[in-house]
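Structure first, then comments.
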Amino acid sequence: MPSIAHDPEHRLWVLSGPGSSYVLHLDDAHRLRGLHWGPRLTLDQAVSLLNYPAPGRRSFEDPADGTLDLDTAGAMRYAHAGVQVRFPDGVRDLEPRLIDHAREDGELVLLFADRHYPLTIETHYRLRTGTDVLERHLVLRHTGGAADGPITVVRADSATWVLPRLRDYRLSQVRGQWSAETRLARTALPYGETVTTSRQGTTGHQYNPWVMIDDGHSTEEHGPVWSCALGWSGGWKLTAQRLPTERVTVSAGFGHDPITRELVPGEELVTPVCSGAYTEGGFGAASRLWHRYVRDHVLTHPDELRPVLYNSWEATGYDIDVTGQIELAEKAAALGVELFVMDDGWFGARTHDAAGLGDWAPNPERFPDGLTPLVDRVHDLGMGFGLWVEPEMVNPDSDLYRAHPDWVLHHPHRRRTEHRNQLVLNLARPDVAAWLHGRLDELVTKNAVDFLKWDMNRPFTEAGWPDAEGDPDRLWTDHVHALYTLLDRLRADHPDLRIESCSSGGGRLDLGILARTDQVWASDNTDAVDRVKIQHGFSQLYPAGVMGAWVTDSPNPYTGRSVPLDFRFHVAMTGVLGIGGDLNHWADGELARAAELVAAYKAVRHLVQLGEQYRLTGPGETTAVQYLASDGQETVVIALRHARHFGHRDPALPLRALDPAVRYRDTATGSVHHGAVLLTHGLPLDLDADDHASTLVHLVREPA
Ligand code: GLA
């Protein structure tokens, strides 16, 4: 059980998970300091930290800089401030004082009020059972009356994490772009403020809202790692700050420069949750902790196995109709596919990307009898039926836009920048959100839809709302809240509906969307070689059980690279397997092998999707990943080798977390290995000499 201990005399709180503690201290000036974030401490041990003299000497900076958990702007604070406001009279300094605090059910709430102005700030900390992930968010409340005028919230970071002094600081993050998402970058943390942000209205392809920090010496297997992640699917900003005093903080929250948010009297602003974790055991252990946290505390159907899906996008593009889709569905079913997803091009005048978005009714030429004949056939074949939608968007060439040109984000006197020939609907408008809910609800109900691929293919531009009541900038947050509400309502009303988050590939991947969807399309790039890198970055925070990965054609339509079928499958089998190739052009031998590989995946997917993931090597010349059942009874290893050099055989692959005392049987070959030997000398690999060789080995524990 998590524990929250309090020492009133020293004004100290110790929040402890199974292996870590986070210590807060309120100093005489009512500043809330992050005193410790690391291995578990008792209350007594934490109190002793107060005897440590503050290092350095006061000069032209406030010694509190870089030590504050509630990181408010004011006085001699010149470093980053996670909470910044502007009162109606122009005052920007905050002087919060603690006025109350409460602890219950793993949650601590500290209530601060400004010394003069009508603003309260609650800091919320929540420890979930069985994890060292600590959740933090803020509630800002305008406590004044009508005469007080609005308070402008310039910045309200969900959390500012105070790191201990380390011998050095190194930052791990992912960066990317469309078709090249989540690529891991590990760099020394420079002095100053290192900012990652999305100003796009959505999570974005460029950065993902998490970081890991270590002292520069941690490895995949060893060393302490501090990490945090924001659960928000709109614009965000994360600031990793290294001061010349060697204090380091990471502050993260929704919103981005220069967008602000007005609070009117009586109104409150609840920030999204930013979660933080201290772990030992290297980046691998940090990832496993996050994977478990996502499964146990974020996902809504964590124990379900995700079906093997077929998606027609790469096979057909916009060229779809009922006959062609049924033909593909029959071929997919023969391979063992369990969910058939029809992608873009089925509705309105959507025969290309310049028309029809927003008109969510089947195209009458392509589907003269509606979707029912296809849906029925798919269901008869024993598969679920999935449908692509892009609800937040509209093509100007659509009935929807012709009827409601004012429903999109726009400014007066400014052009409406189109991207992929589309504009963004203003979901912050209650009428737009209500209309959208009606359309989607009808679509799902009428067509017995089991699965939605929910896409979002462009960022915000000219993000205006000319006839908004009050602050139009609220659209940045209200859009996301409206999206969440829509998803929550649909899921509540259709409990069997499952949803995939997609945003031109992996542009909307975060803990906020994962609380409302079941899997994420990791990238439009389905080239297996590139995917190894994208998926390696994905796996740093997010579990394999939410990572959609397809096997597509060779040469790859996007990169032109040719890769063997087994390798393509094995790469996709490290996540939620899907098939996206044009099955009409697969040779009989390929179809037969594909069916075998689908069956092989089904035999181990409970390990991949629900097990513990160990990145054994890579991503380099060889990438190998092991997934272990939580009861330790079985494990699967997928090894991917790009090229063999100098004729050398592939070295055996030492495995992780097995029982050295027991023996494990290879389910394919029947050979038996000693746990102790697998852990030290490794699993012998018998890979082809050809480029892009791969294997999957499933080992089960032999009875004693
Ligand atoms: C986006 C998605 C693709 C596909 C297309 C359809 O690019 O990422 O997977 O659905 O839209 O237009």
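The values are calculated or read from the model by the stated rules, or taken from the named source; none is laboratory data. Keep in mind that this is a model prediction, so the values were computed, not measured. So basically every Cβ, Gly included, is an ideal-geometry build from the backbone, and we count neighbours across all protein chains shown. The protein model used for the area step is the full one, side chains on, heavy atoms only, and it has no ligands, DNA or RNA in it. Shrake-Rupley method; radii C 1.70, N 1.55, O 1.52, S 1.80 Å.
The charge dipole of the chain, taken about its Cα centre with unit charges on the Cβ of Lys, Arg, Asp and Glu (plus for the first two, minus for the last two), comes to roughly 1780 debye. Considering every pair of different Cα atoms, what Kirkwood radius, in Å, is found for segment 309-524? About 17.8 Å for segment 309-524. In sequence order, segment 136-151 has phi-based couplings of 9, 8, 10, 10, 9, 10, 7, 9, x, x, 3, 6, 7, x, x, 9 Hz under the Karplus curve 6.51 cos²θ - 1.76 cosθ + 1.60, θ = phi - 60°, and Gly or Pro positions carry x.
Quick one: P(r) of segment 617-701 from all Cα-Cα pairs, 5 Å bins, percents rounded to integers, in order of increasing distance. Bins of 5 Å from zero give 3, 15, 27, 24, 16, 10, 4, 1, 0 percent of pairs.
Applying the Karplus relation 6.51 cos²θ - 1.76 cosθ + 1.60 with θ = phi - 60° to segment 232-245 yields 3J(HN,Hα) values of 8, 10, x, x, 8, 8, 10, 10, 9, 10, 10, 8, x, 7 Hz, where x marks Gly and Pro. Rounded to 0.05, the FRET efficiency of the T485 and A668 pair, given R0 = 51 Å and the Cβ-Cβ distance, is 0.60. At a probe radius of 1.4 angstrom, the accessible area of segment 1-45 per residue rounds to 44 square angstrom. Compute the FRET efficiency between T129 and A492 as 1/(1 + (r/R0)^6), taking r as their Cβ-Cβ distance and R0 = 25 Å, and round to the nearest 0.05. Given R0 = 25 Å and the Cβ-Cβ separation, E is 0.50. Applying the Karplus relation 6.51 cos²θ - 1.76 cosθ + 1.60 with θ = phi - 60° to segment 358-370 yields 3J(HN,Hα) values of x, 9, 7, 10, x, 5, x, 6, 7, 10, x, 9, x Hz, where x marks Gly and Pro.
Projecting the Cα atoms of L339, T271, Y293 onto the charge dipole of segment 244-361 (Cβ charges, centred on the Cα centre) puts Y293 farthest toward the positive pole.
Net charge in the neighbourhood of L640 (other residues with Cβ under 15 Å of its Cβ; Lys, Arg +1, Asp, Glu -1) is -2. Accessible area per residue for segment 463-533, computed on protein heavy atoms with a 1.4 Å probe, is 29 Å². Stretching the chain fully between H352 and T187 yields a gain of 55.2 nm (0.36 nm per residue, less the alpha carbon separation).
Put a dot 7 Å past the Cα of D659, heading toward its Cβ, do the same for H379, and the two dots end up 4.6 nm apart. In this simple spin-label approximation, E246 and Y78 carry label points 7 Å from Cα along the Cα→Cβ vector, and these lie 2.1 nm apart. For the chain, the Kirkwood radius over C-alpha pairs fed into Stokes-Einstein at 37 °C and 0.692 mPa s yields D = 122 µm² per second. Placing dummy labels 7 Å off each Cα toward the beta-carbon, the span from E280 to R649 is 3.9 nm. Ligands, DNA and RNA left out, the 1.4 Å accessible surface of the chain is 51% carbon and sulfur atoms.
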